[in-house]
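As structure tokens, the structure follows; a few thoughts come after it.
The values are calculated or read from the model by the stated rules, or taken from the named source; none is laboratory data. Values in this document were obtained by computation on a predicted structure and should not be read as measured data. Cβ coordinates were reconstructed from backbone atoms using ideal geometry, including for glycine residues, and neighbour counts include every protein chain displayed. To get the accessible areas, we keep the full protein, side chains included, count just its heavy atoms, and leave off ligands, DNA and RNA. Shrake-Rupley method; radii C 1.70, N 1.55, O 1.52, S 1.80 Å.
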Amino acid sequence: MMYFPKSRLLLIAVTVLFVLIPCLESWGNESECVRYGIRVASCRNIVSAMTLVDSFNEQGLKSFCRKVDIPGKGQWCRVFIGTYAEMEKASEVGRQLKNRGTIGAFIIQEISDYPEDREEALSTADIAVIHVSDDRKKETLEAPRAVVPEEEKRAVPDTGEGGYSESSLYEIAMACFGSERYQEALAQLEKIRKQGDSSGVNPELLLRRIADCHYFLGEKGSRPDFLKAINRYRNIMRDYPRSDRENETTLYRLAKSYEYSELYYEALGEFKNFSFRYPQSVYISEAIFMTAKMQYSTEQYAEAVKKLK
């Protein structure tokens, strides 16, 4: 058995530490510094970007923005929701937010410069403002490592900034909608509607959200908005009869709008229609009760009692 003096063992240990520590630090930085963000909008001015960030924050989403100077394209403010260690997780969350109607199109982008103490999503209050030096512009800005989910590719119009639309009106509108700022959401949605096909927003989805804004404004006390919601919902039911899943909520809110407007006969007809078309709906119990209530309000007392039995 070989014997090593303590001084030699200490020297070997120190040498090993000097060799391994830089390697471990490099390995740790590589795994921790790169995360994936859900990029939901690019705005030309910071006010629009921060409107989005604030609205997402009010919904409990941890949003942040980055300001970049792109040669030949000017200054842009990119809005993100969260950062994730895995691209697949970021894509999954992005799809969930889109399906929920919180955001429109999105891309997943690699992010390397962010506060080290952040986990699944960055703080809502912080803004990471990045000014890229000339010698890094090509590497960082012209060829970002971004991934557009397959189902998003057709929905993302190409306007020159990172591969998707510079317009964030829809995202702003939906952020306001999600935080119950319906008047602000409605103003943005109406701007998009006036743009027509050039907006790149699905017209059916746009009309449904406009109608919903009127409905919720009515619930907040603006009774004339119920009449506007009625008109919008009726047109949607007429123009998009095949959108059965979406029309379930639309028909229910149409009936409620009639009730709130004290148009009881019309409400009764729509609640009956709803019960016939959607017997398995989560709204069915309330629809049956509302049918009886409308029968009572229209002095159909026997029918109301029978409905409640």
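Is it the case, given these coordinates, that SER31 is of a type in the set (Ser, Thr, Tyr), at pLDDT below 80 and out of contact with any Cys (no Cβ under 8 Å at 6 or more places or on another chain)?
Values: of a type in the set (Ser, Thr, Tyr): yes; at pLDDT below 80: yes; out of contact with any Cys (no Cβ under 8 Å at 6 or more places or on another chain): yes.
Criteria met by SER31.
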statement: When every residue in the range 239-270 that is of a type in the set (Lys, Arg) and closer than 25 Å to THR298 by Cβ is compared, the one least open to solvent (accessible area, probe 1.4 Å) is LYS256
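Would you confirm, using the coordinates I've provided, whether ILE210 is hydrophobic (A, V, I, L, M, F, W, C), assigned to a helix (DSSP H, G or I) and within 21 Å of SER275 (Cα to Cα)?
Values: hydrophobic (A, V, I, L, M, F, W, C): yes; assigned to a helix (DSSP H, G or I): yes; within 21 Å of SER275 (Cα to Cα): no.
The answer is no for ILE210.
Would you check if GLY200 is in contact (Cβ under 8 Å) with a residue 40 or more places away in the chain, farther than 14 Å from PHE177 by Cβ and not aliphatic (A, V, I, L, M)? Write out each step before concluding.
Numbers: in contact (Cβ under 8 Å) with a residue 40 or more places away in the chain: yes; farther than 14 Å from PHE177 by Cβ: yes; not aliphatic (A, V, I, L, M): yes.
Considered against the rule, which asks whether it is in contact (Cβ under 8 Å) with a residue 40 or more places away in the chain, farther than 14 Å from PHE177 by Cβ and not aliphatic (A, V, I, L, M), GLY200 comes out as yes.
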- prompt: What are the residues in the range 207-229 that are surrounded by 14 or more Cβ atoms within 10 Å (Cβ to Cβ) and free of Cβ contacts under 8 Å to residues at least 24 places away in the same chain, if any?
  reply: SER222, ASP225, LYS228
